[in-house]
Amino acid sequence: MPKQVPSLDVALLGFVERAAEGESRTVAGQIRHFVVEAMRLAGNTAAGSEPWPPPLAAVSRDNLSEIKARVKDMEAERDELVTEKKKNSCRPDAA
(Lines give C-alpha, C1' and ligand atoms only; values in the text may rest on other atoms or scores of the structure.)
Protein backbone atom coordinates (compact mmCIF):
# COMPACT_ATOMS: atom_id res chain seq x y z
CA MET A 1 0.00 0.00 0.00
CA PRO A 2 1.44 3.41 -0.94
CA LYS A 3 2.33 5.85 1.80
CA GLN A 4 0.17 8.91 2.23
CA VAL A 5 1.83 12.21 1.43
CA PRO A 6 1.17 15.00 3.94
CA SER A 7 -1.04 17.80 2.68
CA LEU A 8 0.58 21.01 1.50
CA ASP A 9 0.04 24.30 3.28
CA VAL A 10 -1.91 27.01 1.49
CA ALA A 11 1.15 28.81 0.08
CA LEU A 12 2.74 25.64 -1.32
CA LEU A 13 -0.53 24.37 -2.74
CA GLY A 14 -1.15 27.74 -4.41
CA PHE A 15 2.31 27.62 -5.98
CA VAL A 16 1.76 24.09 -7.30
CA GLU A 17 -1.71 24.97 -8.62
CA ARG A 18 -0.37 28.01 -10.52
CA ALA A 19 2.53 25.99 -11.94
CA ALA A 20 0.16 23.18 -12.96
CA GLU A 21 -2.18 25.62 -14.69
CA GLY A 22 0.70 27.18 -16.60
CA GLU A 23 1.87 23.77 -17.78
CA SER A 24 -1.63 22.36 -18.48
CA ARG A 25 -1.16 19.65 -15.87
CA THR A 26 -3.19 18.45 -12.92
CA VAL A 27 -1.88 19.26 -9.45
CA ALA A 28 -0.86 15.62 -9.02
CA GLY A 29 0.86 15.68 -12.41
CA GLN A 30 2.72 18.85 -11.49
CA ILE A 31 3.92 17.35 -8.20
CA ARG A 32 5.05 14.24 -10.10
CA HIS A 33 6.88 16.51 -12.58
CA PHE A 34 8.65 18.35 -9.74
CA VAL A 35 9.77 15.06 -8.18
CA VAL A 36 11.03 13.62 -11.49
CA GLU A 37 12.91 16.87 -12.21
CA ALA A 38 14.47 16.83 -8.74
CA MET A 39 15.53 13.22 -9.31
CA ARG A 40 17.00 14.11 -12.69
CA LEU A 41 18.95 17.03 -11.22
CA ALA A 42 20.23 14.73 -8.48
CA GLY A 43 21.57 12.37 -11.15
CA ASN A 44 18.89 9.69 -10.86
CA THR A 45 17.53 9.45 -14.38
CA ALA A 46 16.21 5.89 -14.27
CA ALA A 47 13.39 6.02 -11.74
CA GLY A 48 10.10 7.60 -12.68
CA SER A 49 11.10 8.81 -16.11
CA GLU A 50 9.06 7.74 -19.08
CA PRO A 51 10.04 8.52 -22.64
CA TRP A 52 8.02 11.24 -24.34
CA PRO A 53 6.57 10.91 -26.79
CA PRO A 54 5.89 7.30 -25.92
CA PRO A 55 7.58 4.94 -28.35
CA LEU A 56 5.37 3.53 -31.06
CA ALA A 57 5.13 -0.16 -31.81
CA ALA A 58 6.94 -1.44 -34.87
CA VAL A 59 4.75 -0.67 -37.85
CA SER A 60 3.50 -3.49 -40.00
CA ARG A 61 0.68 -3.91 -42.49
CA ASP A 62 -1.37 -5.48 -39.70
CA ASN A 63 -1.19 -2.50 -37.32
CA LEU A 64 -0.71 0.45 -39.70
CA SER A 65 -4.23 1.83 -39.15
CA GLU A 66 -3.87 1.58 -35.37
CA ILE A 67 -0.48 3.34 -35.41
CA LYS A 68 -1.84 6.12 -37.65
CA ALA A 69 -4.74 6.62 -35.23
CA ARG A 70 -2.36 6.83 -32.25
CA VAL A 71 -0.18 9.37 -34.06
CA LYS A 72 -3.26 11.42 -34.97
CA ASP A 73 -4.37 11.39 -31.30
CA MET A 74 -0.91 12.51 -30.14
CA GLU A 75 -0.85 15.29 -32.74
CA ALA A 76 -4.27 16.48 -31.58
CA GLU A 77 -3.09 16.47 -27.97
CA ARG A 78 0.03 18.42 -28.94
CA ASP A 79 -2.03 21.00 -30.85
CA GLU A 80 -4.40 21.34 -27.90
CA LEU A 81 -1.48 21.96 -25.53
CA VAL A 82 0.06 24.54 -27.87
CA THR A 83 -3.28 26.36 -28.15
CA GLU A 84 -3.72 26.33 -24.36
CA LYS A 85 -0.17 27.61 -23.83
CA LYS A 86 -0.72 30.43 -26.34
CA LYS A 87 -4.01 31.34 -24.66
CA ASN A 88 -2.35 31.43 -21.23
CA SER A 89 0.65 33.45 -22.45
CA CYS A 90 -1.67 36.14 -23.84
CA ARG A 91 -3.31 36.76 -20.46
CA PRO A 92 -2.26 40.08 -18.87
CA ASP A 93 -1.57 38.36 -15.53
CA ALA A 94 0.69 35.69 -17.16
CA ALA A 95 3.77 37.94 -17.08
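The values are calculated or read from the model by the stated rules, or taken from the named source; none is laboratory data. None of the values given here were measured: they were computed from a predicted structure. All Cβ positions, glycine included, derive from the backbone under ideal geometry; neighbour counts span all protein chains shown. The area values use the complete protein model at the heavy-atom level, side chains included, leaving out ligands, DNA and RNA. Shrake-Rupley method; radii C 1.70, N 1.55, O 1.52, S 1.80 Å.
Scan the range 36-55 and give yes if some residue there is in contact with a Lys or Arg (Cβ under 8 Å, 6 or more places away or on another chain) and either assigned to a loop (DSSP other than H, G, I, E, B) or modelled with pLDDT under 85 (or both), otherwise no. Steps first, please.
Looking only at the range 36-55, we keep the residues that are in contact with a Lys or Arg (Cβ under 8 Å, 6 or more places away or on another chain), and these are 48-49.
Retained after the next criterion (residues that are either assigned to a loop (DSSP other than H, G, I, E, B) or modelled with pLDDT under 85 (or both)): 48-49.
Yes.
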* Mind checking which pairs have a first residue in the range 1-21 that is open to solvent by less than 90 Å² (accessible area, probe 1.4 Å) and a second that is of a type in the set (D, E, K, R), Cβ under 9 Å, 6 or more apart or different chains? -> ALA19/ARG25
